[in-house]
Amino acid sequence: MSTLASTHAAPLLRDSFIELPARERARSLLDPGTFSELLGPFDRIESPWLPLQGVVCQADDGCVIARGTIDGEPAVIAAIESAFQGGSIGEVSGSKIAAALELALRDCERGKIVRPVVLFETGGVRLQEANLGLAVIAEMQAAIVALRRYVPVVGVIAGMVGCFGGMSLAAALCSYLVVTKQGRLGMNGPEVIEQEAGIEELDASDRRRVWQLIGGEQRAATALADSLVDDDAEAVRAAVRSAFALGVPAAHRSEQVDVFLQRLARIDPASVTPESMREVYSTKQNDNQPRKEQA
Amino acid sequence: MSDTQLSRGARWFHALAGDSRSAAPVWSGDAPLGDETARFITVVPDPANRFPRATDNVVGLEQGWQLARAVRETIAADAASSTRRPIVAIVDVKSQAYGYREEMLGIHLACAAAVDAYASARDAGHPVIALIVGPAMSGAFLAHGYQANRIVALDAPGTMVHAMGKEAAARVTRRTVEALDALGETIVPMSYSMASFAKLGLLDQLIEGIDADAPDGAQIRRVQQVLCEQISSARTGSRNLSRRLESAAAQKNRAASIEVRRRLAEQWDAV
């Protein structure tokens, strides 16, 4: 997929995607008038664990599940709301995503394709629900691996929270990842690395360095994400639609074991920089692999 | 490395599978188990690893991709056969590797590749069993063990499952380690103990009476017997993870996970 972000500040009227709350993000990606929320706030399925620790719940547990259509095809969107507990994954919010993917899988197995999109905006496991957060992420990952044999699973990392922890693995399992310059993708957040490995390993306050390591632009330039778009709701929607139009990839990124072991072997850990990594990871020379038709 | 310095994962690999076919940091090899052959895989310390943040028994870039390779070569070996050999993940992983090189070079993808391989093996009909002999922490456990059909653990000091190391979790949640332990007694998912993990319906068997650091022959045979039972159970069960929500423990402590699925299914079909 191509890089769709403009190289200059475009003086165009556009609607920021990043500024939208999760519900409106989901609505903006679906065909107009087709948005329908499942397990919404009025269903009031809240975290059973937060009140025990004196934390106020939110009626949707920070996760919106929406059905609708994308390019006329049935779709489901799971959108994480970063404004609640940093988008962290608890038993309920994570189970909503896992269950939505499992139901899409069930429909696909019956021959009815449902296009799944996950809007990642999360620091990972919600520590107040620790082991259940981890458990539901494992269930979500199982569902993505099974589902993407039938239909591309498309992930979006728009920012500003980014996508971290176990959820970064879920994002890496997606068939296609759409990112903005403001989106970050990494397993351990910079603060965690500084805390675990010391400031000489990484100074989390050095923002420029952090963006160079894990920012959306670098992820797209090193083919760890598929398309880089502007912070524009229409641009994100177009990128998601193009991803589905491509169909299921011949080999998902996480299946390309030999390719990545070879790339890793070409890296010198002592001298590698974000810039030198681009030469090894960029797929520009050898891309255009054949794609399977969409099931 | 002398025998006294062996990590638990290495010790149990030797006990169950003999010598590894591959070098550190990922050991992999086939060995008899019951009346068939099983693939055993573990992550071991690798003091000479070229990535300085990944020399311990942690899951870093090479560990993630090599786990994926070990699992995928097992899938490929049985692709034409009607029997799919069991895969036993011996779990003794302290954490994922924390380093700037790891983030830059995509440790999230390396770990996802291992998740993908184990999930694909399970979906292809390989009985995948996680045998927890040490810590099973966070992203490292997601990559190595959490996609298994069945999860069993030694009931021994040092075996634990959690989303974050205790000291780090205490810092992040602004609690003392003691307060965190106390919280774990009332809030089941916060606990580090294997008994609490079992209460969530996620553990298929806690194997008692085993010396995790120096098992004798009878104890090793006991663990092999448990593995055989779990393999046989996995072969007759579903290939997905739905079983995790079916136990009496899950009905009690994962009621919200079950309720979300039930009500979402109702509304899904009504759309």
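Below is a table of values for the structure above.
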| read-out | value |
| --- | --- |
| Amide H contacts of B:Q96 (H built 1.01 Å from N, under 5 Å, at least 5 apart or other chain) | B:V59, B:G139, B:A140 |
| Shape metrics for chain A, restricted to C-alpha atoms - Rg then Dmax, Å | 18.6, 55 |
| For the range A:159-172, Karplus couplings with θ = phi - 60° (6.51, -1.76, 1.60), whole Hz, Gly/Pro x | x, 9, 6, x, 9, 9, x, x, 6, 5, 6, 4, 4, 5 |
| Cα shape, chain B, gyration tensor, a/c 1.5 rule | rounded |
| Backbone HN-Hα couplings from phi across the range A:139-145 [Karplus 6.51/-1.76/1.60, Hz, Gly and Pro as x] | 5, 4, 5, 4, 5, 4, 4 |
| For the protein assembly as shown, average projected area of the Cα convex hull in nm² | 24.7 nm² |
| Under 15 Å from A:K181, Cα to Cα: aspartates and glutamates that are on another chain or at least 8 residues apart | A:E19, A:E121, A:E217, A:D226, A:D230, A:D231, A:D232 |
| R0 of 51 Å, Cβ-Cβ distance B:R235-B:Q5: FRET efficiency to nearest 0.05 | 0.85 |
| Computed helical MRE - 222 nm, chain B, DSSP H runs ≥ 4 contributing -39500 (n - 2.57), nearest 500 | -13500 deg cm²/dmol |
| Estimated FRET transfer efficiency (A:E234, A:F42; beta-carbon r; R0 35 Å; 0.05) | 0.70 |
| The range B:75-148: C-alpha gyration tensor shape, a/c 1.5 cut-off, then a/b vs b/c | oblate |
| Residue order, fewest to most beta carbons within 10 Å, for B:I187, B:I207, A:I137, A:I97 | B:I187, B:I207, A:I137, A:I97 |
| Ranking of B:T173, A:T222 by count of other Cβ atoms within 10 Å, fewest first | B:T173, A:T222 |
| Compactness of the range B:96-238, expressed as Rg and Dmax over alpha-carbon positions, Å | 16.6, 46 |
| Cα→Cβ-extended label distance, 7 Å offset, between B:S22 and A:L246, nm | 2.7 nm |
| For the range B:35-86, alpha-carbon Rg relative to the globular expectation (2.2 N^0.38 Å, N residues) | 1.42 |
| DSSP-assigned coil residues among GluC sites (Glu not before Pro) in the range A:188-243, each with at most 12 further Cβ atoms within 10 Å | A:E200 |
| Under 12 Å from the Cα of A:K112 - aspartates and glutamates, other chains or at least 8 residues apart | A:E73 |
| Cross-link reach list, aspartates and glutamates versus B:K199, counting only Cα pairs under 17 Å and skipping chain neighbours closer than eight places | A:E91, A:E129, B:D155, B:D181, B:E185, B:E208, B:E246 |
| Compactness relative to 2.2 N^0.38 Å, alpha carbon Rg of the range B:1-65 | 1.14 |
| Mean-position separation - Cα centroids, the range B:193-247 and the range A:66-80, in angstrom | 39 Å |
| Fewest-first sequence of A:K112, B:K94 by Cβ atoms within 10 Å of each Cβ | A:K112, B:K94 |
| Where labels lie 7 Å past Cα in the beta-carbon direction, separation of A:T283 and B:D155 in nm | 4.9 nm |
| Per-selection Kirkwood Rh - the range A:19-140 (Cα, Å, 1 d.p.) | 14.5 Å |
| Distance (nanometres) between label positions extended 7 Å along Cα→Cβ at B:H14 and A:E201 | 2.9 nm |
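Every number in this text was worked out from the coordinates using simple rules, so none of it is lab data. Owing to the predicted nature of the structure, the values given are computational and were not obtained by experimental measurement. Glycine also receives a Cβ, built like all others from the backbone with ideal geometry; neighbour counts cover every protein chain displayed.
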